[in-house]
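The values are calculated or read from the model by the stated rules, or taken from the named source; none is laboratory data. For clarity, every value in this text was computed on a predicted model and none was experimentally measured. Cβ sites come from the backbone with ideal geometry, for glycine too, and all protein chains shown count toward neighbours. Surface accessibility is based on the protein's heavy atoms, side chains included, excluding ligands, DNA and RNA. Shrake-Rupley method; radii C 1.70, N 1.55, O 1.52, S 1.80 Å.
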2 protein chains.
Amino acid sequence: MVPPDTLTATVTIPDLSRLLNPRAVAVVGASSDLSRIGGQPLRLLTEYGYRGKVYPVNPKHREIKGLTCYPDLAAVPAPCDVALVALSAPHVPAVIEQCGKAGIPFTIVLSAGFSEVGAGGKALQEQLIAAARRHNVRVIGPNCLGVLNLRDNVRNGFGGTLQLGTLRPGPIAMVTQSGGFGFGVVAVAAYYGIGFNYAVSTGNEADLTALDLIGYFLECDDVETVVAFLEGVADGRRLIALGERALELGKPILAWKVGNTEVGRQAAISHTARLTAGYELYRAAFRAGGFVEIDDIDDLVDAAKAFHARRLPRGNRTGVITLSGGAGVLLADRCVERGLTLPQLAPDTGARLREVTVAFASVGNPVDATAHGYNDQFASYNDVIRAVLADPNVDQVIARVPRGSAAAVWARGLLEVLRETDKPLLLNWPSSPDDNGEVMAFLEQHGVPCYVAPGRTVRALAALTGFAEKKRRYETRGKRALQRAEAIKLDLPASASTLSEHRSKQCLAAYGVPVTREALLAPAEVEALTGPPLPFPLAVKIESSDIPHKTEAGVVRLGIRDLASLKQAGREIAAAAREHNPDARIAGVLVQEMASGLEVIVGVVNDPYFGPTIAFGLGGIFTEVLHDITHRFAPFDLDTAREMIMEIKGAKLLTGYRGSPALDVEALAQTLARLSWVAADHADRIAEIDVNPLFVRAAGEGVVAADALIVLKGERR
Amino acid sequence: MVPPDTLTATVTIPDLSRLLNPRAVAVVGASSDLSRIGGQPLRLLTEYGYRGKVYPVNPKHREIKGLTCYPDLAAVPAPCDVALVALSAPHVPAVIEQCGKAGIPFTIVLSAGFSEVGAGGKALQEQLIAAARRHNVRVIGPNCLGVLNLRDNVRNGFGGTLQLGTLRPGPIAMVTQSGGFGFGVVAVAAYYGIGFNYAVSTGNEADLTALDLIGYFLECDDVETVVAFLEGVADGRRLIALGERALELGKPILAWKVGNTEVGRQAAISHTARLTAGYELYRAAFRAGGFVEIDDIDDLVDAAKAFHARRLPRGNRTGVITLSGGAGVLLADRCVERGLTLPQLAPDTGARLREVTVAFASVGNPVDATAHGYNDQFASYNDVIRAVLADPNVDQVIARVPRGSAAAVWARGLLEVLRETDKPLLLNWPSSPDDNGEVMAFLEQHGVPCYVAPGRTVRALAALTGFAEKKRRYETRGKRALQRAEAIKLDLPASASTLSEHRSKQCLAAYGVPVTREALLAPAEVEALTGPPLPFPLAVKIESSDIPHKTEAGVVRLGIRDLASLKQAGREIAAAAREHNPDARIAGVLVQEMASGLEVIVGVVNDPYFGPTIAFGLGGIFTEVLHDITHRFAPFDLDTAREMIMEIKGAKLLTGYRGSPALDVEALAQTLARLSWVAADHADRIAEIDVNPLFVRAAGEGVVAADALIVLKGERR
């Protein structure tokens, strides 16, 4: 048995401050050609304001770019915090060893030619890892673009993006598994006013991984938001734990995951040979934790702006204020599409709005204050915004903005309004960035996010709302201990094997999962029956771990209503079993009650990356045609189980809809939670569980597993 | 009966050239305060390069801004093409009359206070319309911001946006039902390099409508793309016809429809009192015709750029070329999500790519040419792009772009590559717009669309692909005559009424829709039966147009297997009918075969805006829980019917999936088409048809309508 806490073990976060802000850097494989990989860092570390020392290392040179060049790391005079390595791959493991001997704690290996190029490279990478472990050197890379600290002007890497003068610092950290793409994003974001204090290209992640970096940056005082460009992570459980930590700290992780479609996944494998869990598990992790999933540069920029204001809404009730009716209609549509509600404003607010708007303004929600009648250059438009922000029915506000020369004066007044409230206000500008760029910049400096595209304004607000909701949920329930029963010892065979139906059900029943009443009889016992072992109607199946797919093997008979039929069924399926697989070990004939209800399916897969995960969906077409399935990570309790049930598209079939009664959602939630406990407690042994079908009966009448299958991994020696 | 062609009658498009480019403009209600609505146009028409004459009209002034001011329109010396009206609403109808007398063909009424403010305003608007009709004056507005012709510097309106110097001409026309918002979009788009030759704010559309303008602009030589910001249109059929014309001309209509959610719709009603059809009908119109649906400024800009290149792909097979693996993975994901495929490249292409890339490049699709090894400053990267564009498996290409100083040289070479092909190429830049802005501008001038955000690049390409596909479909089938049987005369009662089941089915059967075999008997005839009128099992129902909801009324018995039960059922349902509604006229007892198969639902609604529309979906949970319904406009033929069937989410239930056989899709398509003919031929009488359920049987075994209901409008006198 696995104690549940090892599934989410806390990992000690290494102190990376000297990696990010080294006192001195040795450039191993320094080149006098400053356009080459070994030459670029010399320019980057000397021309962009880095205040530490730079030591080129190359036995071929005495001096490069006015810097003394040393033959090897041992010869470097001062203590270095980082060795930047640009040698060809075969030389790298020896350099790591030298780092250890020279007391250099971090290396950044830019060199390619490791695990991404096949078997030979893989062996080299193993040597690199071994050297690092042996000499206690932490490694970024290999096959990476380096480490960027724009706060302290450390440009420790190579590539065109690092040479841009336009990069700007800011309270965001980028962790990217694709250096070329991720660093490019940092450059583009700078153009849109979004600065990054740090950016790290993790390359092949021989040692330090994207997760290590995310974990470190979450704890940094100068990082409010972490952006992670990910192709895949090896430790899904740690990703989940980081999501919880992000909620705890109130710092979002903007997760940009790629390789999600089959075509994309294949491209990712050919890119970095990174194998990874299915996207649905990432989505489940992102949905649960402090992640905001993004999928383009725009939503990175937009979300970063929204979070930078450091105001989280208390709910999703949104006030929309405009100066033109069309914009109000549009914003209302977008809000509803993103799950934001437009509440009715309180009567007091309506009355107040009447006072501060012209007669033909519309004081509902959206408010259309109209652009007319602002002879005061829109100073009184701030009274409109004030009134809506103060409304007790409103958690957050989107306001369209006056344009032209009036904007600057109005903006100053707006800051006064914002001082009176902690609710988020996002502004949607009716004009292009060049029209009121200075006013926008002024407002953004003062924590008021500004957007030009209306839809993007709403999307950013929805990101804020979603994060805030997860944070609230985490605070009320994520911190408390899991509400669950104790682990149960199961009697499992030692070898990798498939358990028969009856035995599988016994394991589930031990955890309180309701299963069909049933009797396991020898064929002769069936023949000798003088009455039914359970009330008719009955189902009869062969019990054999060697015949997992019973229906296909013809060893199931359903709806048996008398003793003669029962005996005949016993004979028939025994014969069918022999014919299907003459070598199958037959444990007996399983006689069980006929169950009925709405069919649902619960599956457990012990994912190599994410550990035991539970999939839940309605049976039949819902899973096979509509792929209406939801996932969670084991173990979880009733609250999470209820969420799973409510988030499938067909949830109404369970909760009742026109002409169909409510079913026993509570018993179903209990069963989902209990299955998650089985999966988590025995994660060292259980590879898969398949409960199909699980019948859900009317409210109060419970659920029952009509069939179940457990697949075991072999016992670890 | 309605001849089918009147449903899509062609509307004569008025010649609006003098409205858009008037030789002279009279400003009625001219104000000496140039910041007021009556004053702004005087500035806009004199300071922005307009070359026509401007005549202020206001009896209170002799001169404004150096222009002679005239007491009334009759006094204006030269012929005017447009009168711009800024008087308060009650004075407007008289001005229209004066326009007629002065021979001014167009008025633009900026004044508010008409139908948007309630009953009094509505009456004024009626007077305005009457005056316009009587005097043959065409009207834009009232309650609008005016007409903008940036090609000829005509800024015929008011508002802050019109005063911007940054607006720029270009081959796009904007038609907007929200002047404030739509004109703002024109200003923002200019910032992103997108110019508009024309923009018209249609206001209350008392006379000329958004559809008139769209129709006119489609035919203009200096308009390649029409953008329409719509809250709703009165003539849905004309919208559909415009969509077909757009396909014919190869000019997209970028449709930005708002008021689509219930909250948005309510906001739209309070904005312009515009009532309109449900969004699902707009979506059906947009999907069928030459529309590209957009929902934010970004996709307007992105699509406009893509279409401006004037290259339409022959299919959706997309080659992706990158210089970094991560970008390739990302672009592959986005392509797949948007319905674009990434084909395997032809063997010749692979061989060619091996020749022109470095050894560790990846020559699959996506191609990762890697940024290394381009010592020629990326000149040879063009060989990579050339090879993929030439691949016979590829219809279109997205390429990432080299950054930095190399980009300019490379870009010039790229134009050579493009001369060799007519396939679309969209570029995704890895850097911010300020980094290589000049190169981007150079390329866009030469018809190569450039994007910074990868996801937006793919979305723009998908818009192009979708339009091209619809155009191809239109060319192969849209132009040919509808493949259908002749109209059938139906014997319908003259009054508004609901037809009973049997009578409804007779109407459908006349059109070849298969219905259950059934016999309508008097209660006494049922009692007198000596054998079943049809083979058992049978269904028995009350036939009464006064009891449309039979199951709820308890007047249905199913699965009857013998004569005694049949007679008893007849008695029971007759009694139940009397109890349910003592006044119901009972036409008899309907005895019908029991039908079975997969349940689908077909509904016809004769929409007040779009005319007869057909809705199709799977029954039960698919419609009630999953809202899996698709719509088309009647009449249509088999091709369209097949499309409807294939586009519902549950289509696999019809076409067959794991363990479930293929059903008679062909017979279902026949039935959908025939129902559309009934609806179209009798659109003057039929308000609704409900076929629920229609059973679909196994392939080759047809379909059968088990229940049907037709609701009639009264005959027009």
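Side notes on the structure shown:
- Calculated label separations, B:Arg134, copies of the chain, 7 Å along the beta-carbon direction, nm: 10.3
- Other-copy label distances relative to A:Gly531, 7 angstrom Cα-Cβ extension, nm: 4.9
- Overall form of chain B per C-alpha gyration tensor (a/c, 1.5; a/b vs b/c): oblate
- Share of carbon and sulfur in the accessible heavy-atom surface of segment A:598-712 [1.4 Å probe, %]: 54 percent
- DSSP-defined antiparallel bridges as percent of all bridges, the protein assembly as shown, nearest 5: 55 percent
- Straight-distance candidates among the aspartates and glutamates for linking to B:Lys122, with alpha-carbon spacing under 13 Å and chain neighbours fewer than 8 residues away dropped: B:Glu205.
- Between A and B, buried accessible area from a 1.4 angstrom probe totals roughly 5400 Å², ignoring ligands, DNA and RNA.
- Partners for A:Lys471 among aspartates and glutamates (Cα-Cα distance below 19 Å; same-chain residues under 8 apart left out): A:Glu219, A:Glu224, A:Glu244, A:Glu248, A:Glu293, A:Asp395, A:Asp422, A:Asp637, A:Asp639, A:Glu643, A:Glu647
- Virtual spin-label span in nm between A:Thr341 and A:Ser660, 7 Å along Cα→Cβ: 2.5 nm
- Packing-based ranking, highest mean first, of A:17-28, A:658-669 given that Cβ atoms within 10 Å are counted: A:17-28, A:658-669
- Classified by the C-alpha gyration tensor, the protein assembly as shown has an oblate form. Its axis ratio a/c, with a ≥ b ≥ c, is 1.5 or above, and a/b does not exceed b/c.
- Once the Cα atoms are used to define both axes, helix A:297-308 deviates from the longest principal axis of chain A by about 80 degrees.
- Computed magnitude of the charge dipole of chain A (debye, nearest 20; Cβ of K, R +1, Cβ of D, E -1): 1140 debye
- The label-point distance for B:Ser495 and A:His446, in a model that sets each label 7 Å from Cα toward Cβ, rounds to 7.0 nm.
- Summed side-chain charge close to B:Lys541 - residues other than B:Lys541 whose Cβ falls under 11 Å, Lys, Arg +1, Asp, Glu -1: -2
- The local environment of A:Val696, defined by Cβ-Cβ distances under 11 Å, has a net charge of -3 under the rule Lys, Arg +1 and Asp, Glu -1.
- In chain A, Cα pairs under 8 Å separated by at least six residues give a relative contact order of 9 percent.
- Spacing of the two label points (7 Å from each Cα toward its C-beta) at A:Ile13 and B:Ala528, in nm: 9.2 nm
- Between copies, B:Arg517 shows label-point distances of 4.7 nm, shortest first, with the point placed 7 angstrom from Cα along Cα to C-beta.
- Principal-axis analysis of the Cα atoms of chain A puts helix A:92-102 at an angle of about 70° to the longest axis.
- Value of [θ]222 nm, deg cm²/dmol, for chain B, DSSP H segments ≥ 4, -39500 (n - 2.57) each, nearest 500: -10500 deg cm²/dmol
- A straight chain from B:Glu63 to B:Asn581 at 0.36 nm per residue would run longer than the Cα-Cα distance by 178.7 nm.
- Selection of GluC sites (Glu not before Pro), segment A:214-258, meeting DSSP coil and at most 15 other Cβ within 10 Å: A:Glu219
- Potential extension, A:Glu572-A:Asp222 segment - 0.36 nm per residue separation minus Cα distance: 118.7 nm
- Förster radius 60 Å - calculated FRET efficiency between A:Ile129 and B:Arg36 (Cβ-Cβ, nearest 0.05): 0.20
- Computed with a 1.4 Å probe over protein heavy atoms only, the accessible surface of chain B comes to 38 Å² per residue.
- Cross-link pairs beyond the 21 Å C-alpha cut-off, checked among A:Lys305/B:Lys305; B:Lys541/B:Lys713; A:Lys652/B:Lys649; B:Lys65/B:Lys101: A:Lys305/B:Lys305; B:Lys541/B:Lys713; B:Lys65/B:Lys101
- For chain B, the longest principal axis of the C-alpha atoms and the axis of helix B:501-510 are separated by about 60°.
- For segment B:399-484, trypsin sites (Lys or Arg not before Pro) are listed when DSSP marks them as loop and at most 15 other Cβ atoms sit within 10 Å of their Cβ; the list is B:Lys479, B:Arg480.
- When both bridge partners sit in chain A, DSSP labels roughly 55% of those beta bridges antiparallel.
- The mean sequence distance of close C-alpha pairs (under 8 Å, at least 6 residues apart), as a share of the length of segment A:339-453, puts its relative contact order at 21 percent.
- Per-residue mean of foreign Cβ neighbours for A:316-329 is 6 (Cβ atoms of other chains, 10 Å radius).
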